[in-house]
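See structure below.
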Amino acid sequence: MGLVSLLRKKHNKALFTTPSHSGKKAIYHKFYQWYRSDISEVDAYNPEDALKEAQEKVALIYGTKKTYFLTNGSTSGIIAAVLSCCKKNDKLMVWGKAHICHKNAGTLAGADIIEYELDYNSDWGIYEPLSTTKFENLIKENTPKAIIITSPTYEGRVSDVVTFSKIAKQYGVYLIVDEAHGALYPFSDNLPQSAVRYADFTVQSLHKTAGGINPTALLHTNTNLNIDEALSKIQTTSPSYPMLATIEANINYLNSQKGKKNIEALITEIKKIKKLLTNLEFYGDDITKILIKKQGLSGFELSEILFNKYNIEDERTNEKSTMLLTGIGTTKAKLSKLYYLIKL
């Protein structure tokens, strides 16, 4: 019995346990159903076994040794991964401008943090991923215990995670991939290669592009390390079971025929838009991250025109380009607004 099935379970017990989890009182009535499902660890439900079963089934979907449900975002997954494989004074390599949780993870582990730099693409105002040669050189020169890479980048540039994994294994280095913005990758051959089957650790944010509620995420591992111990140090002992159940339902949807059809429809529509908008330049490896620029306009000027003239708010802008983020929840009707950009 998974979590979704468990929360449908009826019982006739009078729960003289934690009253806030007894499924009766809803202070904020818009979330009445959420309150009703907010159970705790009691014999009437035994949700811990249901969570274990749900995570095991999900690991089979992704092809990993273990997959963990996270309710504190990819941040908690990165920290748990580092705590699992790094001890005090071990070397941890991180990109100097990466998400703050990368350095925080190293600090909490007591690791020696070594920063590396990425090449800057001045034409687009973004950072490019590491080449395989530079990746190997960094490992050879610094002999780290672990290295964290961000793939995809916020703007949709992707690293060669398959080759990176082979190189890291060759030198006995743990590869941690921050794939927070790539949660759709395992479910479409028309998207970049996911790291989940190759890296030692991969984190994904379901709440960013894959339809999850904030801040649901996943931590995948292909190691035999004790991840449970690391997670117990940073996660609450009173998890939200309704939130955990949404993760199970979210993944079941992504892995379903309906979910995959939704992703392919999104990709097809974006391809049509890109083919039509010959007045714009596009860049990136991930088609769901629409990185654009317009000759004669800065990224900020383009962003302002999109917002004021076309009622379109972008996800991220720099001096050179603007990025429109799509995913589960991006409807065809919403995408149709982009066809007006042919007039830019």
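Yes/no per residue for (1) outside the structural domain of TYR174 (by TED's automatic domain parsing); (2) touching a residue at least 24 places away in the same chain (Cβ under 8 Å); (3) aliphatic (A, V, I, L, M):
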position	(1), (2), (3)
LYS65	yes, yes, no
ALA80	no, yes, yes
LEU83	no, yes, yes
TRP95	no, yes, no
CYS101	no, yes, no
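Residue selection: ILE290 satisfies the criterion of being assigned to a strand (DSSP E or B), touching a strand residue (DSSP E or B) at 6+ places or on another chain (Cβ under 8 Å) and not acidic (Asp, Glu). Do the conditions hold for ASN46, that is, is it modelled with pLDDT under 95 and under 30 Å from LEU118 (Cα atoms)? When the stated conditions are applied, ASN46 does not pass them. For region 267-282, the candidate set comprises residues that are out of contact with any helix residue (DSSP H, G or I) (no Cβ under 8 Å at 6 or more places or on another chain) and in a helix (DSSP H, G or I); within that set, the residue that is surrounded by the fewest Cβ atoms within 10 Å (Cβ to Cβ) is LYS275.
Selection over region 116-155 of residues that are among the charged types (D, E, K, R), in contact with a strand residue (DSSP E or B) (Cβ under 6 Å, 6 or more places away or on another chain) and closer than 17 Å to TYR174 by Cα gives a count of 1. Scanning region 298-313 for residues that are surrounded by fewer than 19 Cβ atoms within 10 Å (Cβ to Cβ) and either touching a strand residue (DSSP E or B) at 6+ places or on another chain (Cβ under 7 Å) or touching a residue at least 24 places away in the same chain (Cβ under 8 Å) (or both), we see that the one that is farthest from LYS343 (Cα to Cα) is PHE300. All conditions in (1) crowded, with 16+ Cβ neighbours inside 10 Å; (2) part of a loop (DSSP other than H, G, I, E, B); (3) outside the structural domain of TRP124 (by TED's automatic domain parsing) hold for ALA245, with the sole exception of (2). In region 252-282, how many residues are closer than 13 Å to THR330 by Cα and of a type in the set (S, T, N, Q)? Qualifying residue count for the region: 2. Restricting region 54-66 to residues that are crowded, with 16+ Cβ neighbours inside 10 Å and not aromatic (Phe, Trp, Tyr), the residue that is nearest to TYR198 (Cα to Cα) is THR64. GLU248 falls short on exactly one of the conditions (1) within 21 Å of LYS57 (Cα to Cα); (2) over 17 Å from the mean Cα position of the chain (by Cα); (3) of a type in the set (D, E, K, R), and that condition is (2). Of the residues screened, ILE147 is one that is at pLDDT 95 or above, under 23 Å from the mean Cα position of the chain (by Cα) and hydrophobic (A, V, I, L, M, F, W, C). Considering region 113-126, and only residues there that are crowded, with 16+ Cβ neighbours inside 10 Å and not hydrophobic (A, V, I, L, M, F, W, C), the residue that is nearest to GLY96 (Cα to Cα) turns out to be TYR116. When CYS86 is evaluated against the numbered criteria (1) under 30 Å from ASN142 (Cα atoms); (2) surrounded by fewer than 23 Cβ atoms within 10 Å (Cβ to Cβ), which criterion, by number, is the only one it fails? For CYS86, the exception is condition (2). Against the conditions (1) modelled with pLDDT of 95 or more; (2) part of a helix (DSSP H, G or I); (3) surrounded by 16 or more Cβ atoms within 10 Å (Cβ to Cβ), MET323 satisfies every one except (2). Scan region 135-157 for residues that are surrounded by 21 or more Cβ atoms within 10 Å (Cβ to Cβ) and among the aliphatic types (A, V, I, L, M) and the total you get is 4. Screening the candidates THR209, THR236, THR221 for the property of being surrounded by fewer than 23 Cβ atoms within 10 Å (Cβ to Cβ) and either within 14 Å of the chain's Cα centre (by Cα) or under 29 Å from LYS87 (Cα atoms) (or both) yields one hit, THR236.
The values are calculated or read from the model by the stated rules, or taken from the named source; none is laboratory data. Remember, it's a predicted structure, so these values are computed and weren't measured experimentally. FYI the Cβ positions are ideal-geometry reconstructions off the backbone, even for glycines, and counts take in every protein chain you see.
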